[in-house]
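Read through the structure below, which is laid out as structure tokens, and then see the notes.
Nothing in this text is a laboratory measurement; each read-out follows from the coordinates by a stated rule. Note that the structure is predicted; figures quoted are calculated from it, not measured. In this analysis, Cβ positions are derived from the backbone assuming ideal geometry, glycine residues included, and neighbour counts consider all displayed protein chains.
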Amino acid sequence: MAESGKVPEALMERPDVARGLENLPVSVWPSGAGPEPFQYTPDHVAGPGADIDPSQITFPGCICLKTPCLPGTCSCLRREKNYDDNLCLRDIGSGAKCAEPVFECNALCRCSDHCRNRVVQRGLHFHLQVFKTDHKGWGLRTLDFIPKGRFVCEYAGEVLGVSEVQRRIQLQTIHDSNYIIAIREHVYNGQVIETFVDPAYIGNIGRFLNHSCEPNLLMIPVRIDSMVPKLALFAAKDILPGEELSYDYSGRFLNPADSEDKERLDNEKLRKSCYCGAKSCAAFLPYDSSLYCPLEKPNTREEGKV
């Protein structure tokens, strides 16, 4: 890597994995190689069993036409600002106990496109690259310096119902990659909002993010046009050019290790090994036992963790 902190130009001139659908091209390394084909989408799409079409606009817009969107006056900002003046996510420090909800201004809002409460919806702002790793298949890295708190990319794909999730997981073998992520948000009255996303067949560059027990990205549900959240990944620390991007598949904030998840799977399949290389590596990838329940009993599964 050059002393200037920039990735050599030879690594940057590669075909665009995003096929022109992102703000910036996403290159591939090494030359002549590439991941298996998949349908690219920068946004969620409705998949089998989805209760809500993620493309529908169901939220009302704010009326901040002549004044900036600020807490107390903007209906999209009910507590405090989501981002600071540098477009960095607020409260991203390690002292935070949970991820606070984020609502951005949407398509029906009267504020301008330059509103500071429009960050995730603006798409990629840093050059990223899909690359072949030594032990983890394909990965994703940055070619630019990314300051702590900045939005990096989404984890987008098919939004599924739980029965379809269980069906797809039941068909997997120990050799198959599992892209399905389960997001569970605990709301004030004890209810749990579940969102299941699978970018295996239809997805974006987020599908190439590998797990790390000491990740440099943090996943936050961000709502813009509807209750279907965008799974936005923010820099948990300053990230240097050439550094692989990763997040904790278990959810990072809300998930201490579960002793039962260190055992074998119910169907006798061994857990997959983790190759993140972190000092605190748990040796195995996170595992959501609730998604492996029999299909005939979808309503009796115990609640899993993100």
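Some points to look at:
- Look at the Cα gyration tensor of the stretch 130-195: its axes a ≥ b ≥ c give a/c of at least 1.5 with a/b at or below b/c, and that counts as oblate.
- For the peptides 209-220, 26-37, residues were scored by their other Cβ atoms within 10 Å and the scores averaged per peptide; the highest-first order is 209-220, 26-37.
- Taking a ≥ b ≥ c as the square roots of the eigenvalues of the alpha-carbon gyration tensor, the stretch 44-176 is classed oblate because a/c is 1.5 or more while a/b is no larger than b/c.
- Hz values of 3J(HN,Hα) by residue in the stretch 194-207 - Karplus curve (6.51, -1.76, 1.60), Gly and Pro given as x: 10, 9, 10, 10, 10, x, 4, 9, 10, x, 10, 5, x, 5
- For the stretch 145-150, 3J(HN,Hα) computed residue by residue from phi via the Karplus equation (6.51, -1.76, 1.60; θ = phi - 60°) reads 6, 10, x, 4, x, 6 Hz, glycine and proline entered as x.
- Relative packing of 57-67, 123-133, 182-192, 240-250, which averages over residues the other C-beta atoms within 10 Å, highest first: 240-250, 123-133, 57-67, 182-192
- By average C-beta atoms within 10 angstrom, highest first, the peptides 196-205, 170-179: 196-205, 170-179
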